[in-house]
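This report refers to the structure that appears directly beneath it.
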Amino acid sequence: MDTDLLKEFLIESTESLDKLDQLFLELENNPSDKDLLNSIFRNIHTIKGTCGFLELVKLESIAHKGENLLDSLRSGRFNLDQAISEALFELVDAIRQILGQLDADNTEGTADYSKLEEKLCALNDPTRSSTAADKNEAEELEKEFQRILAENVAREAGKTPLLVQENVPVEAEQIESKKQSNAADLSLRVDLHLIDSLLNLVSELVLSRNQILQITKNMNEGSLTRATQRLDQITSQIQEGVMKTRMQPIKNVWNKLPRMVRDVAKACGKSVVLETSGEETELDKTVIEAIKDPLTHILRNSIDHGIESPEKRAAAGKSGDGLIKLEACQEGGFVVIQVTDDGAGLNTGRIKAKALEKNLVSQVQISRMSDNEINRLVFAPGFSTAESVTNISGRGVGMDVVRSSIESIGGSIDLSSVSGKGTCLKIKIPLTLAIIPALLVKSAGKRFAIPQNTLQELVRVTIEDFTKSTKEVGKKRFFDFRGKLMPLVFLNKTLSIDPTDAPKEAVVTIAVVQAESGVFGLIIDEVMDNEEIVVKPLSKQLKSIRYFSGATILGDGGIALILDVNGLGQEIESTSQQQGASVEAHSEQSKTEVSEFIVLSAGNNRRVALPLSNVSRLEEFENAVLEMAGEQCVVQYRGTLLPLIDIGSILHSAKDRTGNLSVVVVHSEKKLTGLVVDSFIDIVTEVPGMEIKGGKAGILGSAVLQGKVTDLIDVQALFQGGINASGE
Amino acid sequence: MPAENSFEENLTQHVSFRMGREEFTINVGDVQEILNSASLSQVPTSSKTIRGLINLRGQIIPAIDLSERLQYEGTISEQPMIVVVRDGEEIAALLVDEVGDVLSVDPSNYESLPPTLSAVLSKCSKRIIRSQSKVMLELDVKAILDFDGRDNA
């Protein structure tokens, strides 16, 4: 057997099979669509034709039976029904099995397909179809006659594979396939390794270009400058072009999924519809290979555990068909893939129980976790909550393996879930070999790169202004940035490269960056230059360090780490988990801070203040997350319910609330309450002057702070009052 | 020994190197190249096992302090020699004190690992080999590269 020809055949036939899967699925929904039937017939016919050349007897035989059946269908002798549909899918699987065998050892394998062939023949009988019951005898005879004729012709033709078998229909086929092959002439098959080495050379070229640009920057040779500019232009264009050669639309992965979803849903006794969008989004070929399995697993999980049975769905008022949405889009240097189902959502209680049972977390740790954090435990190794571990989603290696597969290509995965409504998995994958614009900076003598797409602004302030505009709340530092409090991250401190966080220069440089958790200011020592850098992934041992998303080689051959702003942004979250500690720390210092007040506006531009030592955090909540617990307005906050008190209403001058709520979270003896205010004004260290005691409940009195009349909030009273109001 | 030459087809080649006072080996197939020196770029918040990153002709690879990795007594010198190893697509640089000769070893001189080996050494070694009247560990590159480089201190 000619191995080159065989290889070609395998590649093309596999593509045909994938197409067939799709077509069969469509056919199920449009059983009498003539174009579909013709298209399917052509595909099988092509496979069967080449089989003759390559002497693939088994394959030819089953393809032939399938072809007959399809011919009957497209001629309208009878219609598609459930049994035929199943048989056709079986046919595709059988062909796939043989192709797999051929790929492995050049043989058709030892499996016996006679049962399948019998089934296909039996189905190719108009008298068994329910719609045939109405036909009269003459038509039945006619059909029988046609069928026998077709079989005879086929049997004859089977002996001489090189002959064209059915004259009239095939002419049309030939013209069609000619048209198709013209389209095929416009594309090439290229060895992946060749493209890989081209791509490597291109990135080396980019580095060389950067070097040359750097050297010639300071020279003033006219012709050299022009030549360098030309080199720059051409390099960029080559870079773009070569990267494009490896990019493929994600639908190349997705086209197999509808079939899988159908099979799994059937096996689970559920009904699921798969909706896709963004299938034209392009990904590098290696990435496409890497996400196939994770996506498959996620979908299987979703169908098996997420989507409820039709009865449960009906009981919950949902539509009988479960919906899974598969979306892809490009965001900056990433491709974002989202899998959303409208099933039952994650069972946080069960996850909690399993995690404790498997000793993945301690009781103490889990009591501090928010629901989201508990849900994320499904990614921990050795975790599986399936009561009955099914064949479908496997045992306890699931989401952990999914996450490491995705992380191995430099991506990340996260999930969110609403009980009863559904689950959403979000996968972010960097475009490999991305060449991204970045800002080079220096901190503690080391060079780092900040991706431009995360950078909003650069701010430089003198030390005096910096100290004036920085406030400390809890254990966090904030910078008063155009009226908003922006959390600060000191890069040197976070990376432990310089223990103090006092700025060294006379000027403080802040990079205002946008992370998933929000905007924050990154304090660095020095800004260097804007540059296009080649992103090189970190080795697997370093991938788990959340502060870096990769590394790059600079013009002088040195290495700069690329900062991951999302990882750095998590610093802001984690310090607040030490709330308990910071509360103690503050009460120790309460002597010196007794005259530090936080000033806010509440209820129609009135000013209120309370001692800073009572303040844990400043938060913002959307109006939508407010809920009622009995008579008390609350919001879900870090795993507990935070009672909210509207300061404005205490002052009897409440404003109508729209949009986001600014809330000051105060603590007293480990209890928390949220005070709803209008906005934050300032933090002052003053001795309050001219106090007038008494007033409404919850107010200590009035004083003058910053030259204005300010009501001082009685925090203790609020806590006591709050408890009484809700009847505890 | 002359007898070894007649089994040339079966001989395996090993790169030998010294850490402290002991010698170790790695199969030649796992070694890409040897470097006399390289400039290291440190990675903040990484463990001591990773001394930094090296730019190897455009590829950024980790420089692994082998004595830290194997929890071996003593430290690698400040001017280490570098054994660049490969496991499939992954490449890394192992820092050692000194690289020695390439040894040819007949499989009859293989021995299994003694049970007295530390857990880390056990995991990162394939077998013991005898050569030129010395007894040395043959290290397993795949196992050596399998660790988390974060500093958990």
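The values are calculated or read from the model by the stated rules, or taken from the named source; none is laboratory data. All of these numbers come straight from a predicted model, not from anything done at the bench. Virtual Cβ from ideal backbone geometry, glycine too; neighbours counted across all protein chains shown.
Assorted remarks:
- Subset of segment B:36-77 that is free of Cβ contacts under 8 Å to residues at least 40 places away in the same chain, under 17 Å from the mean Cα position of the chain (by Cα) and in a loop (DSSP other than H, G, I, E, B) - its residue that is farthest from A:Arg546 (Cα to Cα): B:Ser77
- The listed residue being among the hydroxyl-bearing types (Ser, Thr, Tyr) and under 29 Å from B:Leu11 (Cα atoms), out of B:Ser37, B:Ser46, B:Ser41, B:Ser125: B:Ser125
- Residues that are more than 8 Å from every other protein chain (Cβ to nearest Cβ), surrounded by 19 or more Cβ atoms within 10 Å (Cβ to Cβ) and in contact with a helix residue (DSSP H, G or I) (Cβ under 7 Å, 6 or more places away or on another chain), drawn from segment A:533-559: A:Val534, A:Lys543, A:Gly555
- Lone unmet requirement of (1) of a type outside the set (Val, Ile, Thr); (2) buried (at least 19 other Cβ atoms within 10 Å of the Cβ); (3) under 23 Å from A:Arg96 (Cβ atoms) for A:Gly306: (3)
Residue-by-condition table, conditions (1) small (Gly, Ala, Ser); (2) away from every other protein chain (no Cβ under 14 Å):
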| site | (1), (2) |
| --- | --- |
| B:Leu121 | no, yes |
| B:Lys126 | no, yes |
| B:Ile129 | no, yes |
| B:Ser133 | yes, yes |
| B:Asp140 | no, yes |
| B:Ala143 | yes, no |
| B:Asp146 | no, no |
| B:Asn152 | no, no |
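Table: residues versus (1) facing chain A (nearest Cβ under 10 Å); (2) surrounded by fewer than 20 Cβ atoms within 10 Å (Cβ to Cβ); (3) of a type in the set (Phe, Trp, Tyr).
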site: B:Met19; (1), (2), (3): no, no, no
site: B:Phe24; (1), (2), (3): no, no, yes
site: B:Gly29; (1), (2), (3): no, yes, no
site: B:Glu73; (1), (2), (3): no, yes, no
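- Within segment A:303-343, the residues that satisfy the criterion of being hydroxyl-bearing (Ser, Thr, Tyr) and outside any strand (DSSP E or B) are A:Ser309, A:Ser319.
- Residues of segment B:99-153 satisfying the condition of being of a type in the set (Lys, Arg), in a helix (DSSP H, G or I) and more than 17 Å from B:Pro62 (Cβ to Cβ): B:Lys123
- Given (1) more than 20 Å from A:Asp400 (Cβ to Cβ); (2) touching a Lys or Arg at 6+ places or on another chain (Cβ under 9 Å), number of the condition A:Pro294 does not satisfy: (1)
- Filter pass, A:Asp529 being assigned to a loop (DSSP other than H, G, I, E, B) and either at pLDDT 85 or above or touching a helix residue (DSSP H, G or I) at 6+ places or on another chain (Cβ under 8 Å) (or both): no
- Residue in segment A:101-122 that is modelled with pLDDT under 85, closer than 17 Å to A:Leu20 by Cβ and part of a helix (DSSP H, G or I) present: yes
- Residue that is farthest from the other protein chains (Cβ to nearest Cβ), among those in segment B:56-71 that are closer than 21 Å to A:Val535 by Cα and surrounded by 20 or more Cβ atoms within 10 Å (Cβ to Cβ): B:Ala63
Table: residues versus (1) surrounded by fewer than 21 Cβ atoms within 10 Å (Cβ to Cβ); (2) of a type in the set (D, E, K, R).
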| site | (1), (2) |
| --- | --- |
| A:Lys475 | yes, yes |
| A:Ser517 | yes, no |
| A:Ile523 | no, no |
| A:Glu531 | yes, yes |
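- Subset of segment A:401-456 [modelled with pLDDT under 85, more than 18 Å from the chain's Cα centre (by Cα) and hydrophobic (A, V, I, L, M, F, W, C)]: A:Leu433, A:Ala434, A:Ile435, A:Ile436
- When segment A:602-615 is filtered for residues that are surrounded by fewer than 20 Cβ atoms within 10 Å (Cβ to Cβ) and more than 15 Å from A:Asp682 (Cα to Cα), only A:Asn604 remains.
- Candidates A:Lys504, A:Lys493, A:Lys471, filtered to the one that is basic (Lys, Arg), in a loop (DSSP other than H, G, I, E, B) and either modelled with pLDDT of 80 or more or over 30 Å from the mean Cα position of the chain (by Cα) (or both): A:Lys504
- Cβ-Cβ contacts under 6 Å between residues 6 or more apart (or on different chains), taken from a first residue in segment A:492-507 that is within 20 Å of A:Leu458 (Cα to Cα) to a second residue that is modelled with pLDDT under 60 and assigned to a loop (DSSP other than H, G, I, E, B), are listed as A:Lys493/A:Asp501.
- Applying the criterion of being within 22 Å of A:Arg403 (Cα to Cα) and not hydroxyl-bearing (Ser, Thr, Tyr) to the residues of segment A:508-532, the residue that is farthest from the other protein chains (Cβ to nearest Cβ) is A:Glu516.
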